[in-house]
Amino acid sequence: MKPKKKMKKLRITEADFMLANRRAARAEDLAEHGGRPVSFRTALHKSKKVYDRKRLKRAGIEFKDDLSFFFA
């Protein structure tokens, strides 16, 4: 007669626990939001006081290099 094989004991590591929690949280979010992907990154409000050359170009404001208007 053959000896019985010992069953390996299942060990749940911390990494396995974290992965299972992430998967469960994602499944809950998908169920809550109707299956659409959930966007966690939101656009921040950009201050108008910040110097933005592209925004000025789009507005039609151009700065010229000649400073003759200071000496008029």
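Every read-out reported here was derived from the displayed coordinates using simple, explicitly stated rules and does not represent laboratory data. As the structure is a computational prediction, the values presented were derived from the model and not from experiment. Neighbour counts are summed over all protein chains in view; Cβ atoms, including those assigned to glycine, are modelled from backbone coordinates with ideal geometry.
For the reader, a short list of remarks on this structure follows.
- Order by protection proxy (mean Cβ within 10 Å, highest first), peptides 47-58, 6-17, 22-33: 22-33, 47-58, 6-17
- Once the Cα-Cα distance is subtracted from the 0.36 nm per residue extended length, the residue 54 to residue 26 segment shows a gain of 6.3 nm.
- Label-point gap, in nm, between residue 13 and residue 42 - each point 7 angstrom along Cα→Cβ: 3.7 nm
- Bridging of residue 46 to lysines at a Cα separation below 30 Å is possible for 54, 57, 64, once same-chain residues fewer than 8 apart are set aside.
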